[in-house]
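Below is one structure, written out as structure tokens; the observations come after it.
The values are calculated or read from the model by the stated rules, or taken from the named source; none is laboratory data. Being a predicted model, the structure only gives us computed values, none of them experimental. Note that we place each Cβ from the backbone using ideal geometry, even for glycine, and neighbour counts take in every protein chain shown. These accessible areas exclude ligands, DNA and RNA; they are computed on the full protein's heavy atoms, side chains included. Shrake-Rupley method; radii C 1.70, N 1.55, O 1.52, S 1.80 Å.
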Amino acid sequence: MNVSKPIASTRRADLPVLFALSATHLLNDMIQSLIPAIYPIIKTAYALDFGQIGLITLTFQITASLLQPVVGHYTDKNPMPYSMVVGMGCTLTGLIGLAYAGSYPLLLLAAACVGLGSSIFHPEATRMARNASGGQQGLAQGIFQVGGQSGGALGPLLAAFIIVPRGQTSVAWFSAAALLAMILMVWTARRYAALSKAAAAAPKPTKIATAAPAPAHSKGQIAFAITILVILLFSKNAYSSSFSSYYTFYLIGKFGVSVQASQLMLFLFLAAAAVGALAGGIIGDRVGRNRILWFSILGALPFSLMLPFADLFWTGVLTVVINLIMASSFAAILIYAMELMPGRIGLIGGLFYGLSFGLGGLAAAILGEVADWIGIEAVYRICAFLPAIGLLAWFLPKVEHRRG
């Protein structure tokens, strides 16, 4: 029996649940973003090269990706709202590890724990946001995403004003954020359980005996489309990973800015994603997913090609514009996949948060090795062409736009 359909497709979006999920997403991703935010500190403290920095990103992304589709597939059949609390417990453990790690292997282990918490959180939270959407799927995913993107942007800002002046051990202060997230997750899980119980007790509509409609797309077409969507998200995440992992080094090396100034510019880059994610979700409900996808591809490419040749001021402006445009596509990609595979929301959430982000981490590790070989500025000239991969969207089949 399919248990992952929205609880009540005819009601309005449950905004308290969506805002609570957005807040937990913010706290979860804020903690995760502390990993790349402390790279300039640990690079000096542990005498790391760019390859070792990339390996930390890869370790985090692998643990954050490999389990997500498995967790999503299981919870599609057996919803486990309280599993998010367990996931945040893993994140809390990793956070303490990052603060007090005495060696490079312990840093890797701590990053893996943070990634494990993410792999448990995202599939269940994605389905809960879908179920609370009331049919406004773009709005729901946009609200959910703006929390995650805002949290990702806050990491570098907090690192600039707290971790950089006070050192690596100050990372432990953010344990309070993990505990707050766990409280919100308990409330959200209880609210979700109450909604599920109410939906089960509600009168069922009378079924009319009609022939079952034929699937809109064959399994082969769906598999092909999902593959393209994963590649599209990979190109976006690979580009974003090049910034979250190495942008501060690029700014310091090319323009001679301070560590704090580089963290502030990274914050501006990541903050733009929050605005883009929310706007893309809302507009996608009105104009359709395909148009948002094309806008995010064709709109970002010219700016990404100009970026390697810009001065400091225009580097800041261009990075904000690029991420604003690119982030608008995430909700569209996710909902497009959900409409291709209705009833597999946890699996889709796990696949796209997991596999694509894991591939982004792999790209970051590769880019780190390339940076050691040819220099960080040359890496950004190569990355400028990554948005062009989005032209594969031409081959995506059309899907019916559903509000319910």
Query raised in the report: If Lys and Arg each add +1 and Asp and Glu each add -1, what is the summed charge of the other residues whose beta carbon sits under 15 Å from the beta carbon of Val259?
Result: +3
Query raised in the report: Running Debye on the stretch 44-184 with equal point scatterers at the Cα sites and no solvent, what base-10 log of I(q)/I(0) appears at q = 0.19 Å⁻¹?
Result: -1.23
Query raised in the report: Using heavy-atom solvent-accessible surface (probe 1.4 Å) with all chains present, what is the largest-first order of Arg291, Arg381?
Result: Arg291, Arg381
Query - Positive-end residue, the chain charge dipole about Cα centroid, Cβ charges, pick of Met265, Leu293, Ala363 - result: Leu293
Query raised in the report: Where only protein heavy atoms count, and the probe is 1.4 Å, what is the accessible area per residue for the stretch 73-180 in Å²?
Result: 31
Query raised in the report: Between Val70 and Met341, what is the FRET efficiency for a Förster distance of 25 Å, r being their Cβ-Cβ separation, to the nearest 0.05?
Result: 0.95
Report task. At q = 0.20, 0.22, 0.31, 0.33 Å⁻¹, work out log10 I(q)/I(0) for the stretch 24-68 with the Debye formula, treating every Cα as an identical point scatterer and leaving solvent out; two decimals please. Result -> -0.71, -0.81, -1.10, -1.14
**Report entry** Full-stretch length increase - Ile252, Ile96 - with 0.36 nm per residue and alpha-carbon distance subtracted
**Finding:** 53.3 nm
Report summary line: Note, the stretch 324-341: 3J(HN,Hα) by Karplus (6.51, -1.76, 1.60, θ = phi - 60°), whole Hz, Gly/Pro = x, goes 4, 6, 5, 5, 5, 8, 5, 4, 5, 5, 5, 5, 4, 5, 5, 6, 6, 10
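If I compute solvent accessible area with a 1.4 Å probe over the protein chains, what percent of it on the stretch 14-76 is carbon and sulfur?
Using a 1.4 Å probe with all protein chains present, the stretch 14-76 comes out at 74 percent carbon and sulfur.
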**Report entry** Charge dipole (debye, nearest 20) of the chain; +1 at Cβ of Lys and Arg, -1 at Cβ of Asp and Glu
**Finding:** 1500
Query raised in the report: Going by a ≥ b ≥ c, the root eigenvalues of the Cα gyration tensor, does the stretch 131-184 fall in the rounded group (a/c under 1.5), the prolate group (a/b larger than b/c) or the oblate group?
Result: oblate
**Report entry** Cα-based convex hull, the stretch 1-110, per residue volume (Å³, whole number)
**Finding:** 118
Query - Nitroxide proxy distance, nm - points 7 Å out along Cα→Cβ at Arg12 and Trp187 - result: 2.0
Query - Length gained when the stretch Glu377-Val317 is fully extended (0.36 nm per residue, less Cα-Cα span) - result: 19.8 nm
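Ratio of alpha-carbon Rg to the 2.2 N^0.38 Å globular estimate for the stretch 282-404, to two decimals, please.
1.21
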Report task. Write down the Å³ per residue value for the convex hull defined by the alpha carbon atoms of the stretch 220-283. Result -> 85
Query raised in the report: Quick one: Kirkwood hydrodynamic radius for the stretch 325-395, alpha-carbon pairs, angstrom, one decimal?
Result: 14.2
Query raised in the report: If only Cα atoms are counted, what is the Rg of the stretch 361-401, and what is its Dmax, in Å?
Result: 15.2, 47
Query raised in the report: Mind checking the log10 I(q)/I(0) for the chain at q = 0.14 Å⁻¹? Debye, one equal scatterer per Cα, no solvent, two decimals.
Result: -1.21
